[in-house]
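The values are calculated or read from the model by the stated rules, or taken from the named source; none is laboratory data. Everything quoted here is computed from the prediction, not taken from an experiment. Glycine gets a Cβ as well: all are built from the backbone with ideal geometry, and neighbour counts include every protein chain shown. Quick note on the areas: whole protein, heavy atoms, side chains included, nothing else; ligands and nucleic acids left out. Shrake-Rupley method; radii C 1.70, N 1.55, O 1.52, S 1.80 Å.
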Amino acid sequence: MKNAGSLFKQLPGTFHLFWQASPRLAVGLGALTLVAALLPASIAWVGKLIVDTVVAASRGDAAAHGRVWGLVALEFALMVGSAVMDRALNLTRELLRANLGNLLSERILQKALELELRHFEDSDTYDKMQNARREANSRPLSLVMQAFSIVRNLITLSTYAVLLVSLSPWSVGVLVAASIPAFIAEARLAAEGFRLYSWRAPEGRKLNYLEWILTRDSHVKEVKLFGLGPLVLGRYRTLFQKFFDEDRALSVKRMAWGLGLGLLSLGAFYGCYLFVAGRAAAGGITVGDMVLYLSVFRQGQASFQGILTSVGSMYEDALFMTNLFAFLDIPTGGEAPRVLPPVSPPRARRNAIELKDVSFRYPGKDAWALRDVSLKLEPGQKLALVGENGAGKSTLVKLLLRLYEPTQGDIVYGGVNLKDMDVEDLRTRFGAVFQDFVRYQFNVAENIGLGHVPALEDRNRIVRAAEQGGANTVIAGLPGQYETMLGGWFEKGQELSAGQWQKLAVARAFMREDAEVLILDEPTASIDAEAEHALFERFQALAADRIAIVISHRFSTVRMADQIAVLHNGRVDELGSHDELMARNGRYAHLFHLQARGYRD
């Protein structure tokens, strides 16, 4: 059986998670399982005694009358105990489900925090994460519960076997032989189901994306304007129908095999039934023995099939657990262990940044995103990055923030190679607002304060950042001002315009008052010209002694920079001030005149 070893490989790790979720509940589940496993055979044996005692009483045995009452009371007590055990097991299982689900959700979220940008931009890693999230709340507990079910059924079956052997030794062999085909079929179908759902992951993301298009406020305007609804809904239906057809085919196959093998087991049972009834009719065994035999054989067959079904289910669960452990085991270091501890430039002075022949290409790509880029920025210097989309502007920012490492060359900050710096310390030295900034569905104060989490409760600092980013006028017009909930996801949420959201994002960047480097990636794309002018006046004052990097398509913004780097096909095509580049009459001058002509026309 392909990947059968997965069952045993995943068990130790799964049981370790199970124990970590709640040791007390794990021990309780084991004890309850043991007690519950012993009750069925006890109930069957008492049932046999009741039948034999009733038969004896009907034949005139006076003492038997009194024993009937006691035996019925005993069976009642055992049945009550069985019911209590089942309820206690269900309660323990549900509590464990909640604890284990929460533990795994935290582990997955913690792992997501450890991943780098390159992991999120890799479809294979993203599929692993989606598979892990999809199965985290059900598969681990199912695997453990199936294992406990096997133990319970094995104990129960052992007690049944003792009773069966005394009546008909060969019937134990019949019980086993009639159940094995069902196990083989179940395991094969489990593997087929695993392959089906694993291969479906990329298409599953597509199905979720199509649903996202039709249900998110950010898409509704274009969906309505361009009449996209029928097209997207049609694609959703087509993909869903494909999934449904695959699921139906697997379900029909399960039904067919289950019916055929179920009839095989049923035939074995009634063959034994005929044999035992014949012996009872001939007086070879008592009526109680016959009742016991039939009860034990039927329940023993069910227990044995339960064991085999649980093994098949465990096999399927273990295959899915490989997704979870594969995600949790994704290496996140990306570097060999360092012999020396990370080095950080002193914060008491401003530090220069130098790129030395930096080249970079994204994992799995042949084309270079950046090629032989060399730049040096002194404290207080403002650099603007200009170029067409895909020229490498945002990639350069990703390298500065160590979201990626250069493929070739080095980036030096304050005389220290970025590779030798502690990445968390490095990032605390930057303040940034990105073109694709996040619109947090929190209140206004939190939307700004998240720019520097340690100061999240510092209202004075948040107010200063709002004034510096030009968001104070937006906040003044909100009903609850800094306490106003933003966005449309939660109750009483206030939606803002794109320009208002962007002002909050700029204010968030200014929360880092001690930032040594400011990065503004299209910071004025959604605000008007007057607000843009006011923002950059404040920006120039705030960044007087800091390095500032600005990415913009607006040349009214770009011309304020000390140096302008024109990127083309990942290379620095031109470098100089606005006046120098205009005098050179190259690519920058051509782009400037194109934009200026648009304003004149």
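Non-local amide H neighbours of A561 (under 5 Å, H modeled in plane, Pro and chain starts lacking H): which ones?
Residues meeting the amide H criterion: none.
Determine which aspartates and glutamates satisfy two conditions relative to K356: a Cα distance under 19 Å, and not lying fewer than 8 residues away in the same chain.
Straight-distance partners of K356: D372, E378, E405, D410, D420, D573, E574.
Which entries of K128/K376; K128/K492; K242/K398; K419/K503; K382/K503; K393/K419 have Cα-Cα distances beyond 31 Å here?
K128/K376; K128/K492; K242/K398; K419/K503
What distance in nm lies between label points placed 7 Å from Cα along the C-beta direction at S82 and V252?
Once both label points are built, they end up 3.9 nm from each other.
Carbon and sulfur: what percent of the stretch 19-144's accessible surface (1.4 Å probe)?
62
Under a plain spin-label model, where a point goes 7 Å from the Cα along Cα-to-Cβ, how far apart in nm are M582 and K365?
With each label point 7 Å from Cα toward Cβ, the separation is 3.4 nm.
I want to check the label-to-label distance for L115 and A589. Put each point 7 Å from Cα in the C-beta direction and report it in nm to one decimal.
For the pair L115/A589, the computed spacing is 4.9 nm.
Suppose every K and R has +1 on its Cβ and every D and E has -1 on its Cβ; what is the size of the dipole of the stretch 537-589 about the Cα centre, in Debye to the nearest 20?
Computed about the Cα centre, the dipole is about 180 debye.
What residues qualify as long-range amide H neighbours of H568, i.e. H under 5 Å apart, gap of 5 or more or another chain, H built at 1.01 Å from N?
The answer is D573.
How big is the accessible area of S58 in square angstrom, nearest 10, if you roll a 1.4 angstrom probe over the protein chains?
Surface open to solvent at S58 totals about 100 Å².
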